[in-house]
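Okay, structure first, notes after.
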Amino acid sequence: MGQVQDKVAFITGAASGIGAACARVLAKEGAHVVITDVDAVRGMALEAEITSAGGSAMFMTQDVADEARWKECVDETMKRFGRLDIAVANAGIAIFGPVLDMTLADWRRQNAVNLDGVFLTAKYCVPAMRAGTRGGSLIMISSVAGLRGSGMLAGYSASKGAVRLFAKSMAMECAAAGDGIRVNSVHPGIILTPIWEKAATAAGGGLNAPLNPYDLASAGVPLGKPADPSEIANGVLCLASDMSSHMTGAELVIDGGMTAGSVRRR
Ligand SMILES: NC(=O)c1ccc[n+]([C@@H]2O[C@H](COP(=O)([O-])OP(=O)(O)OC[C@H]3O[C@@H](n4cnc5c(N)ncnc54)[C@H](O)[C@@H]3O)[C@@H](O)[C@H]2O)c1
């Protein structure tokens, strides 16, 4: 028996990085994983990888900011698997640069994915979870940038800080409803995913070169290195499973010590 055996998990932005790692670990632990992303090529490749390893996966193309598509994707999930137990609101983009250089269009585009996408995950996944009898776990991927300020990432930080308090508020709504649904946020630090390569092109007037996560981690992470996406996925597995049955409204910080303090290396 896996730790999430026979549960149904919906993961957004799951074609790459942290979302893909969540899909792999939840499938390995027995869940049926619904993978959605705007990137159909990588999404379909991940579906094939998981199913050929003996897991259960279904990919659907989805832009998390598109409300009409949310209804279709959740309806398709219920048609195929008949229930929903876990939702991971993971899809996100990061637009780097001085806030005064940021256009309103980029500010809104980032919030559409990072914040509207999380709101729509809750709006469409919670009713599907409530249709079952086993409660559920809603996991929102925020960031250390949702816990403290980040220069050159002000818009991103604002979206991730909002996700942190949205998770706590949703946790209270679900607790008040007595629906057995737990809601928690996850706060990764510096993780080895393609998001850093995309930094160069995320905004029209963005950076000229990708950011190097190894350099950033060496300077700012007490453990001295960036994390592998699987190290975040393991935390998500804990929140998704019954091991975390008394956790709701909590923040799971997986950052190599970044927000705890700073160290002087020997
Ligand atoms: N990598 C890090 O260091 C780090 C740190 C803290 C938080 N995060 C957060 O983790 C989450 C995953 O990021 P990642 O590092 O794996 O990045 P990633 O770029 O590897 O993966 C993000 C995925 O989201 C998808 N996506 C983008 N816009 C979308 C949309 N509108 N609808 C659906 N899918 C969309 C992309 O196609 C991609 O597959 C994000 O919310 C990010 O903000 C990442």
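Computed quantities for the displayed model
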item	result
Subset tally (residues that are open to solvent by less than 20 Å² (accessible area, probe 1.4 Å) and either more than 14 Å from the chain's Cα centre (by Cα) or not hydrophobic (A, V, I, L, M, F, W, C) (or both)) for segment 18-29	2
Candidate set: segment 112-136, residues that are more than 13 Å from the chain's Cα centre (by Cα) and among the small types (Gly, Ala, Ser); chosen: the one nearest to the ligand (Cβ to nearest atom)	ALA112
In segment 1-17, the residues that are within 11 Å of the ligand (Cβ to nearest atom) and either assigned to a helix (DSSP H, G or I) or open to solvent by 20 Å² or more (accessible area, probe 1.4 Å) (or both)	SER16, GLY17
Failed condition for GLY97, given (1) away from the ligand (no atom under 13 Å from the Cβ); (2) farther than 29 Å from ALA145 by Cα; (3) surrounded by 14 or more Cβ atoms within 10 Å (Cβ to Cβ); (4) not hydroxyl-bearing (Ser, Thr, Tyr)	(2)
Output for segment 67-96, where each listed residue is more than 16 Å from the chain's Cα centre (by Cα) and under 20 Å from LYS198 (Cβ atoms)	ILE95, PHE96
Residues of segment 30-60 satisfying the condition of being polar (S, T, N, Q) and either within 12 Å of the ligand (Cβ to nearest atom) or surrounded by fewer than 16 Cβ atoms within 10 Å (Cβ to Cβ) (or both)	THR36, THR51, SER52
Test: ARG69 is open to solvent by 60 Å² or more (accessible area, probe 1.4 Å), closer than 25 Å to ARG182 by Cβ and not aromatic (Phe, Trp, Tyr)	no
Filter result for ASP63 (open to solvent by 30 Å² or more (accessible area, probe 1.4 Å) and away from the ligand (no atom under 16 Å from the Cβ))	no
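The values are calculated or read from the model by the stated rules, or taken from the named source; none is laboratory data. These figures come from a predicted structure and were not determined experimentally. With ideal geometry, Cβ positions are generated from the backbone for all residues, glycine too; neighbour counts draw on all protein chains shown. Note: areas computed on protein heavy atoms with side chains; ligands, DNA, RNA excluded. Shrake-Rupley method; radii C 1.70, N 1.55, O 1.52, S 1.80 Å.
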